[in-house]
Amino acid sequence: MTCCSHIFTRKGSSSSATRLKGVDIDISELQNVNIYTYKELRNATDGFSPANKIGQGGFGSVYKGKLRNGSLVAIKVLSAESRQGIREFLTEIKVIASIEHENLVKLYGCCVEDNHRILVYGYLENNSLAQTLLGSGHSSVQFSWHVRRNICIGVTKGLAFLHEEVLPHIIHRDIKASNVLLDKELQPKISDFGLAKLIPPNLTHISTRVAGTAGYLAPEYAIRNQVTRKSDVYSFGVLLLEIVSGRPNTNRRLPVEEQYLLTRAWDLYESGELETLMDAFLVGDFNVEEAVRFCKIGLLCTQDAPQLRPSMSSVLNMLLGEKDVNEENMTKPGLIFEFVEAKDEGKQKGKAEVENTSFLAGSRNQDESSSSGTVTSYATMTFTEIYDRSN
């Protein structure tokens, strides 16, 4: 299946062009996209009522709405002040409008009226994994092992589709718990394609400004600004461990040695105690052996060297038990984590320095595009240099 080649022809009505903060958008070029008026979407949300607000992020707010035909939708209103908002808006339309998969969100249309830029998606009843599984608020969703297993497999299928079936291939760049939405049957849908990049099959990587979410960023991407499909694989590995353990990748309320999920998982793997990583709410009859295998797959996906990480189709085969998990030469995860406390006594840092400093831990970083040699990196960096999509 191909996408992004002459993908814009318009559905709907309105003038042929509009202007958003100095950027011309010719909506006559939009393909497979309904064009809604601002008034129509305002009415659908009762004037963008706070009572209908179901999400808030760095790029605006999401509202539940009901269209005139009775369809329930999620209406994503991008903030006029958000950095790169227009570019992200267009990218999201271009990437998702012409492709369809059961594990990707469905784009209904958009609004590009005056300075408003709004995306309209199908409404998903059970919100995101970040809120229902990892959030601190109350959720009525029961995340049994069967449900978690299906979510992991569904996200894998969606990513494998983007990475290997769509041409040009699509790198999502922001795989995380808040971008996995759940429908009423708890089937997962990958969302938020604003940071997505298209990569032709003949290229190994794309050099681009680092953008993503701290905790999910692959080290080689954060350090060298080179993004590959293996960068998504790394993010997915973190997500996989979160789903099995029921905890976010970073939790500073825990003892220091347990605050970072990847380091905790690796320590337990080395000591042969991965089963203790399982979510305490996974009580009763569940497949511990399968859950441990999922954790090992997560560790395979987060290895420091990108070329050692499996493809998403291989991940799918391993999750389904159709391919063995080869852990014989598995290496330690590549880690970028915030330096919260000095490791040695007497080396305490000032609060501001601690909050803005990150540390790269890992012995080797060799990008897929490297022709020879191995780059050894022990570096510090600041997350203020990363376009953070943590919300």
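The numbers here are math on the coordinates, done by the rules we state, and not lab data. Just so you know, these numbers come straight off a predicted model, no measurement behind them. Neighbour counts run over all protein chains shown; Cβ positions are idealised from the backbone, glycine included.
Below is a table of values for the structure above.
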quantity: Distance (nanometres) between label positions extended 7 Å along Cα→Cβ at residue 56 and residue 275; calculated: 4.3
quantity: Point-to-point label distance, residue 326-residue 43, nm (Cα→Cβ direction, 7 Å offset); calculated: 6.0
quantity: Backbone HN-Hα couplings from phi across the stretch 154-164 [Karplus 6.51/-1.76/1.60, Hz, Gly and Pro as x]; calculated: x, 4, 4, 5, x, 5, 4, 4, 5, 6, 10
quantity: Under-5 Å amide H pairs with residue 213, H placed in peptide plane, nonlocal only; calculated: 389
quantity: Those trypsin sites (Lys or Arg not before Pro) in the stretch 241-287 that DSSP places in a loop and that have at most 11 other beta carbons within 10 Å; calculated: 252, 253
quantity: Label-point separation, residue 250 to residue 286 (7 Å along Cα→Cβ), nm; calculated: 2.6
